[in-house]
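Read-outs throughout are calculated quantities, based only on the coordinates presented, and are distinct from any laboratory measurement. Everything numeric here is computed off the predicted structure, so don't read it as measured data. Cβ placement follows ideal geometry from the backbone for every residue including glycine, while neighbour counts extend to all protein chains displayed.
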């Protein structure tokens, strides 16, 4: 979850600056956030493809929460269904990797 938040924040802050909704100073925390994101990805050296696949589902769910809480857009039922299916897929991947 922290990895997804670091990635989304690292991309969101420059977008605010580019859209004229914030100063160039936003690029500093964006850089730190993306640096943290990349560092967190290195913490899983074994079967990284499997880890990234499961992470993708968490990213999708986090993005839907961001859409709702930060952007103020109510998710559609299809958004929630898609995030739920992605998380279910991540659970299958995670459980399968234990065998």
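Quick notes on this structure:
- Taking Cα atoms only, the orientation of helix 27-41 departs from the longest principal axis of the chain by about 10 degrees.
- Residue order, fewest to most beta carbons within 10 Å, for 58, 65, 70: 70, 65, 58
- Convex hull per residue volume in Å³, alpha carbons only, for the chain: 92 Å³
- Between the Cα long axis of helix 48-69 and the first principal axis of the chain there is an angle of about 50°, rounded to the nearest 10.
- Convex hull per residue volume in Å³, alpha carbons only, for the range 44-99: 68 Å³
- Least to most buried among 69, 50 (fewest other Cβ within 10 Å first): 69, 50
- Projected label distance in nm at residue 41 and residue 70, using a 7 Å step from Cα toward the beta-carbon: 1.7 nm
- Over the chain: helical MRE at 222 nm, DSSP H runs n ≥ 4 each giving -39500 (n - 2.57), nearest 500: -25500 deg cm²/dmol
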